[in-house]
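The values are calculated or read from the model by the stated rules, or taken from the named source; none is laboratory data. In this text the structure is predicted, and so the values were computed from the model without any measurement. A quick note on method: Cβ atoms are made from the backbone with ideal geometry, for glycine too, and the neighbour counts reach across all protein chains shown.
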Amino acid sequence: MRLGIIGAGKAGVSLGRYLPRASEITLTGFLSRTEKSAVEGADFTNSRVYTSINEMVSDNDIILIATPDGEIAGVWERIRGCLDGTKEMIIGHLSGALSSELFSDKDYPYIHGISIHPVYAFSDRFSSYEKLNTAFFTLEGDPYAVTFWKKTLTELGNKTATVEASKKVKYHAACSMASNHLLGLISKCVGLLCDCGFDETSAYTMLEPLVKNNVNGAFLTGVTNALTGPIERNDLDTVKKHLQVLGDDETLYKELGKAVLSIAETKHEDIDYQKVRNLLWQ
Ligand SMILES: NC(=O)c1ccc[n+]([C@@H]2O[C@H](COP(=O)([O-])OP(=O)(O)OC[C@H]3O[C@@H](n4cnc5c(N)ncnc54)[C@H](OP(=O)(O)O)[C@@H]3O)[C@@H](O)[C@H]2O)c1
């Protein structure tokens, strides 16, 4: 199957380099907003540059739209303008929050629309592909397209699962919180340590083993086993003292603390956490 990619950015170029490892995928090339990006993507993947959407459509069996989410509908409109209504194609996008429903059109029954979301942080166009074999992909859309991509990604060693269109926004919020918000939390904590007189380097050095061991523990043995700390120990005085010094960060501490408390309550059914509970909810 001939694959063309629209949007030669971080996700597009990384997938362009990675996906042709699958036996059924031949990457033809890139079309992008700027020719420079398309040329760089094509050079990196040994493929070509498209300058016309018409040629991209006529030359490929699969098109992946790898533009920012806000551009996908407009790009699809341009693709649709080039369809003759008979050519069978898989058209996909990579958004975590959008579904494939934007590709639904009864006038184009041969278009198999899909959303393919790599649960992965592409931070660089030219190196992020290296660990893509570790990524989990969620698939949602037309059954023919889902079956094709499940088979292709499985061949590459990636795990896949399907997600309902109506759940995509919540699913994406969960992935974003686990990834991006975690970085926000670390940055907040580094700031608090700097308030205590540590420089930023020392703060990161201090937190690294703490955070990494905890996160590893959560994935190895589950959050319940990994959990430690004053909330888990039902240490009311310490939690009270924390809240007194946090200023604007008190709300963040309380909201995350509620989630921590709910793990602690599962872990220790015999402990009465009511006083800590009252503190976090007041
Ligand atoms: N980055 C991630 O970690 C990640 C993870 C999972 C899913 N995704 C999804 O992947 C998609 C792309 O994200 P990204 O991070 O790769 O973004 P990105 O690095 O900003 O790349 C987007 C590319 O799209 C091109 N583009 C923008 N508007 C266009 C248009 N109208 N027509 C053609 N090309 C256009 C840009 O072209 P020029 O360079 O030529 O200006 C740019 O190269 C999004 O749907 C995002 O939700 C991203």
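Counting only helices (runs of 4 or more DSSP H) that sit completely within the range 174-274, those holding 1 or more residues that are free of Cβ contacts under 8 Å to residues at least 24 places away in the same chain and touching a helix residue (DSSP H, G or I) at 6+ places or on another chain (Cβ under 6 Å) correspond to 182-195, 200-221, 223-226, 250-267.
When Leu207 is tested against the conditions (1) away from the ligand (no atom under 16 Å from the Cβ); (2) surrounded by 14 or more Cβ atoms within 10 Å (Cβ to Cβ); (3) in the same structural domain as Glu24 (by TED's automatic domain parsing), the lone failure is (3). Scanning the range 11-52 for residues that are assigned to a strand (DSSP E or B) and within 15 Å of the ligand (Cβ to nearest atom) turns up Gly29, Phe30, Leu31, Val49.
Only one entry in Gly70, Gly85, Gly81, Gly92 is near the ligand (Cβ under 10 Å from one of its atoms) and small (Gly, Ala, Ser), namely Gly70. Hey, could you check the range 125-145 for residues that are hydrophobic (A, V, I, L, M, F, W, C) and closer than 18 Å to Ala97 by Cβ and say which is farthest from the ligand (Cβ to nearest atom)? Among them, the one singled out is Leu139.
Name every residue in the range 68-92 that is in a loop (DSSP other than H, G, I, E, B) and either outside the structural domain of Ser52 (by TED's automatic domain parsing) or not polar (S, T, N, Q) (or both), in order of residue number. Selection gives Pro68, Gly81, Cys82, Leu83, Asp84, Gly85, Lys87, Glu88.
Restricting to the range 100-124, name every residue that is near the ligand (Cβ under 9 Å from one of its atoms) and either out of contact with any strand residue (DSSP E or B) (no Cβ under 9 Å at 6 or more places or on another chain) or in contact (Cβ under 8 Å) with a residue 60 or more places away in the chain (or both). Pro118, Ala121, Phe122, Ser123 - these are the residues of the range 100-124 that are near the ligand (Cβ under 9 Å from one of its atoms) and either out of contact with any strand residue (DSSP E or B) (no Cβ under 9 Å at 6 or more places or on another chain) or in contact (Cβ under 8 Å) with a residue 60 or more places away in the chain (or both). Residues considered: Ala97, Ala8. Of these, the only one that is within 10 Å of the ligand (Cβ to nearest atom), buried (at least 21 other Cβ atoms within 10 Å of the Cβ) and in a loop (DSSP other than H, G, I, E, B) is Ala8.
Within the range 168-203, take every residue that is of a type in the set (Val, Ile, Thr) and more than 21 Å from His117 (Cβ to Cβ) and give me the one that is surrounded by the most Cβ atoms within 10 Å (Cβ to Cβ). Checking each candidate, the answer is Val190.
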